[in-house]
Amino acid sequence: MKNIIECENLCKKYKETEALKNVSLTVPCDGGIVGLLGSNGSGKTTLIKILTGLLTPSSGTVRVDEKEIGVQTKAVVSYLSDAHSLNDGFTILQQLDYFCDFFNDFDRKKAEGMLADLGLKQKQKIKTLSKGMKEKLALALTLSRNAKLFILDEPIAGVDPAARDYILSTILSHKSREATMLISTHLISEIEHYFDYVIFLKQGEVVLSGKAEEIREREQKSIDALFREVFKWTVC
C-alpha cells in the first residue's frame with residue numbers, strides 16, 4: 001500500500017530550540033482519519049507546516065503522496081490552519097472566486113451547497129460573520145477541494161459545543177472515502193472515536209503511533225485517557 005505521508009529522521013530547529021527531533025512515521029493512503037496529538041509546543045504545528053510546504057526541515061526527509069514537498073504536493077493537500085486565511089474585505093462570493101482561481105481541484109458546486117446549508121449568503125461580507133460562522137466557512141472551503149490529503153489544525157477549538165457538533169458532522173459527511181485526513185486537536189474525547197490512526201508528539205518526538213483500535217486494546221484505555229497519562233506533567 002502506498003503512503004500518503006512519509007517522514008524519516010525529520011528535524012526542525014529554530015536557533016537553539018529543536019521543534020522536531022528525528023521524527024519518523026508513515027501514514028497509509030487508505031482514506032483513514034489520523035489524530036495528531038500533543039500538548040502546546042510538542043511540534044504538531046511545525047510538522048503540519050512542513051507537510052504543507054510552509055516550512056523547510058533542518059534535516060531528514062519528508063514526502064507526501066510519494067513526492068518531495070513542492071508544487072506537486074501542494075496540489076494534493078488541502079489545509080485548514082488554526083488561524084483561518086479568509087480575507088475579511090471579501091464577500092463570500094469573492095472568496096469563492098479566489099478559491100476557484102487558486103485551486104484547480106476546487107469544487108464550486110460542492111462549496112455552494114455547503115454554504116447554503118449554513119445559511120450563508122454569497123453577498124455577505126466576511127468581516128460581518130461571527131467567529132463560529134467564519135470557522136464554518138473556512139471548513140467548507142477546505143473540504144470542497146478534491147484533495148488526497150486534508151490537514152485540519154484545531155478545527156473545533158474556540159467554538160461553542162453546538163458549532164463543534166456541526167463541524168465534526170460536516171467533516172465526516174463531506175470526506176471522500178479515498179482521501180486521508182490528518183486532524184490536530186486538544187479536544188480528544190469529542191473526536192477520538194473517529195480516529196483510525198493516532199500519532200503522539202511530545203517535545204518534538206514521536207512517543208506513540210499506530211492504529212487507534214490496536215492501541216486501545218493493548219493499553220486497555222481510551223486514547224483520551226492514554227493522552228492524559230502521557231502528558232500529565234505537561235500544560236496543554
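When the Gaussian network model of the chain links Cα atoms closer than 10 Å, the mean-square fluctuations of Arg164, Arg216, Arg63 top out at Arg216. Sorted into 10 angstrom bins from 0, the C-alpha pair distances of segment 30-96 split as 16, 41, 31, 11, 0 percent. Averaged per residue, segment 44-151 has 50 square angstrom of accessible surface, using a 1.4 angstrom probe with ligands and nucleic acids left out. Size descriptors for segment 186-236: radius of gyration and Dmax over Cα atoms are 10.5, 27 Å.
Applying a threshold of 23 Å to the alpha-carbon distances of Lys21/Lys221; Lys12/Lys67; Lys49/Lys125 flags Lys21/Lys221; Lys49/Lys125 as lying beyond it. Rounded is the label for segment 81-140, because the ratio a/c of its alpha-carbon gyration tensor axes (a ≥ b ≥ c) stays below 1.5.
Heavy-atom accessible area with a 1.4 Å probe sorts Met1, Met114, largest first, into Met1, Met114.
Using C-alpha pairs under 8 Å with a sequence gap of at least 6, the mean separation divided by the residue count of segment 42-177 gives a relative contact order of 29 percent. Surface composition of segment 54-134: carbon plus sulfur atoms hold 51% of the accessible area, using a 1.4 angstrom probe and ignoring ligands, DNA and RNA. Highest-first packing order for the peptide set 44-53, 217-226 is 44-53, 217-226, based on the mean count of other beta carbon atoms within 10 Å. Once you reduce segment 29-49 and segment 98-116 to the center of their Cα atoms, the two points are 26 Å from each other. When DSSP beta bridges are restricted to pairs lying wholly in the chain, around 60% turn out antiparallel. Rolling a 1.4 Å probe over the protein chains gives Leu187 an accessible area of about 50 Å². Taking a ≥ b ≥ c as the square roots of the eigenvalues of the alpha carbon gyration tensor, segment 1-115 is prolate, as a/c is not under 1.5 and a/b beats b/c. Summing charges over all other residues whose Cβ lies under 15 Å from the Cβ of Leu47, with Lys and Arg as +1 and Asp and Glu as -1, gives 0. For the chain, the pair-distance distribution built from all alpha carbon pairs, in bins 10 Å wide starting at 0, is 7, 32, 36, 20, 5, 0 percent.
The values are calculated or read from the model by the stated rules, or taken from the named source; none is laboratory data. Bear in mind that the values here come from a model prediction, so they are computed numbers and not experimental data. Glycine also receives a Cβ, built like all others from the backbone with ideal geometry; neighbour counts cover every protein chain displayed. Protein only, heavy atoms only, side chains kept; ligands, DNA and RNA dropped before computing areas. Shrake-Rupley method; radii C 1.70, N 1.55, O 1.52, S 1.80 Å.
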